[in-house]
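Enquirer: The following block contains the structure, expressed as structure tokens.
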Amino acid sequence: MEGVAIRDMLADDLRQVDLIENQFYGTPWSISSFSHELGNRDAILKVAVFHEQVIGYICIRSLLDIAHLLKITVLPKFRRRGIARTLFQHALQILRNSRRDTHELTLEVRESNSAAIHLYKEAGFQETGRRPGYYRRPDEDAIIMGLELL
């Protein structure tokens, strides 16, 4: 989408990220959770910004040779414009270019989140399992997906 910039998440972004998080998640992350990830050298945090407003974000953490997608969110009025895909592509580029020992990216997604599942499948993810009752508010199973990076 024209006018959207993707950049590293900064501490100054946390208030906007927190507003988004609390608006759309039954069990949102706290500001301190995001702040912890900002200080984690094994984390990738990016934001999508439109007219100085954070409209989306992604958080991925690496552990040894596997990375895990922890969060990806875009404000509803900006969805279906390629922003999540762009955030995801930026993070993948970092994993592939600067974390060459990382060979897989994993995630969990609500089984009812068909838009996200479609995005992940388009990116090459495959379903690898399920976690019964993984999500709360509302209670729901998680689909586990994985993407080979090598």
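Enquirer: Over the chain, what is the relative contact order in whole percent, taking alpha-carbon pairs under 8 Å and six or more residues apart?
Expert: Relative contact order comes out at 19 percent.
Enquirer: Another question, then. At a 10 angstrom cut-off on C-beta neighbours, averaged per residue, how do the peptides 23-31, 76-84 rank from highest to lowest?
Expert: 76-84, 23-31
Enquirer: Let me ask something additional. So if we plug the beta-carbon distance of GLN126 and TYR25 into 1/(1 + (r/R0)^6) with R0 = 35 Å, what FRET efficiency do we get, rounded to 0.05?
Expert: After rounding to 0.05, the efficiency reads 0.85.
Enquirer: When only Cα pairs under 8 Å and 6 or more residues apart are kept, what is the percent relative contact order across region 48-108?
Expert: Relative contact order here is 37 percent.
Enquirer: A follow-up question, please. For the chain, what proportion of DSSP beta bridges, expressed in % and rounded to the nearest 5, is antiparallel?
Expert: Roughly 90 percent of the beta bridges in the chain run antiparallel, per DSSP.
Enquirer: Take the alpha carbon gyration tensor of the chain, find the square roots of its eigenvalues, order them as a ≥ b ≥ c, and report rounded if a/c is under 1.5; if not, report prolate when a/b exceeds b/c, else oblate.
Expert: Verdict is rounded for the chain.
Every number here is computed from the coordinates shown, using simple stated rules; none is lab data. All figures in this text were calculated on a predicted structure; none of them were measured in a lab. FYI the Cβ positions are ideal-geometry reconstructions off the backbone, even for glycines, and counts take in every protein chain you see.
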